1. Between Trp84 and Ala124, what is the FRET efficiency for a Förster distance of 45 Å, r being their Cβ-Cβ separation, to the nearest 0.05?
2. Just need the relative contact order of the chain here, percent rounded to a whole number, with Cα pairs under 8 Å and 6+ apart.
3. Which percent of Cα-Cα pairs in the stretch 1-54 sits in each 5 Å bin, short to long?
4. Can you give the calculated 222 nm mean residue ellipticity of the chain, where each DSSP H run of n ≥ 4 adds -39,500 (n - 2.57) and the sum is split over every residue, rounded to the nearest 500 deg cm²/dmol?
5. Can you tell me which of 17-23, 77-83 comes out highest on packing, and rank the rest after it, using the mean Cβ neighbours within 10 Å?
6. Subtracting the Cα-Cα distance from 0.36 nm times the residue separation, let me have the gained length for Arg184 to Leu99 in nm, one decimal.
7. Looking at the P(r) of the stretch 81-184, how many percent of alpha-carbon pairs lie beyond 17 Å?
8. State, as an integer percentage, the relative contact order of the stretch 1-85 based on alpha-carbon contacts under 8 Å between residues 6 or more apart.
Amino acid sequence: MSIVAHLWPAILLSAVLVFALSAASHMVLPWRRNEWGRISEFGALQAALRDLGPGMYAFPAPSDPKQQMSKDWMERWAKGPSGWLTLAPPGPVRMGRNLALSFLVYLVVGFLVAYVAAHSLPAAPRFRAVFRIVGAVGIMSYGVGTIFNSIWYHRPWRAYLADLVDALLLGLVTAAVFGGLWPR
């Protein structure tokens, strides 16, 4: 039986703990407060966007991408406002679905962390060695991907820093669980 098969208790426990910590981070801990701005005249905005379906939109954006670099469209971007918009489906947020999908992602990350660690650590490694490898891979898994939203789509860097704090916490919790439950 492969070492990864022996790591399922660590994968499952780390997913449960990371799920709980992530929920606490987004609902309780101070670095997520006021992350999103509020639009006071949302009725007019909702009316203007009502005919658009759920999805991602850029504005201003020509119907023909070849025109995007034309003087006219460059002036529209310069004059502003310009940006990217994500529209969710109408109706309340489907918390059950989103929580289940988040937990699934935490399981997948746990499995990938286990895979990398199992193939990079010697037989019967010490806690510290497991903690280092799993911590590094966990922090990368939780913290690197969202940086591109700040680079390309102007998501505030403060929001990325909150993601990075979360990634550090989630990665270190994952490292501690794997270090404690690693088969000896």
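1. Working: r = 50 Å, r/R0 = 1.10.
The calculated FRET efficiency here is 0.35.
2. Numbers: 167 pairs, mean separation 61.7, N = 184.
Once divided by the residue count of the chain, the mean separation gives 34 percent.
3. In order of increasing distance, the bins hold 4, 15, 10, 10, 10, 12, 13, 8, 7, 6, 4, 2, 0 percent.
4. Numbers: 8 runs with 116 residues, N = 184.
Mean residue ellipticity at 222 nm (helix-derived): -20500 deg cm²/dmol.
5. Working: 17-23: 17.1, 77-83: 10.4.
In descending order of packing, they fall as 17-23, 77-83.
6. Working: separation 85, 0.36 × 85 = 30.60 nm, distance 3.34 nm.
Separation in residues times 0.36 nm, less the Cα-Cα distance, equals 27.3 nm.
7. Details: 3329 of 5356 pairs.
Taking all Cα-Cα pairs of the stretch 81-184, the fraction more than 17 Å apart is 62 percent.
8. On the way: 25 pairs, mean separation 17.8, N = 85.
Relative CO of the stretch 1-85 lands at 21 percent.
Since every read-out is calculated from the coordinates, none of them should be taken as a lab result. Just so it is clear, the model here is predicted, and its values are computed rather than measured. We place every Cβ from the backbone using ideal geometry, glycine too, and count neighbours over all the protein chains shown.
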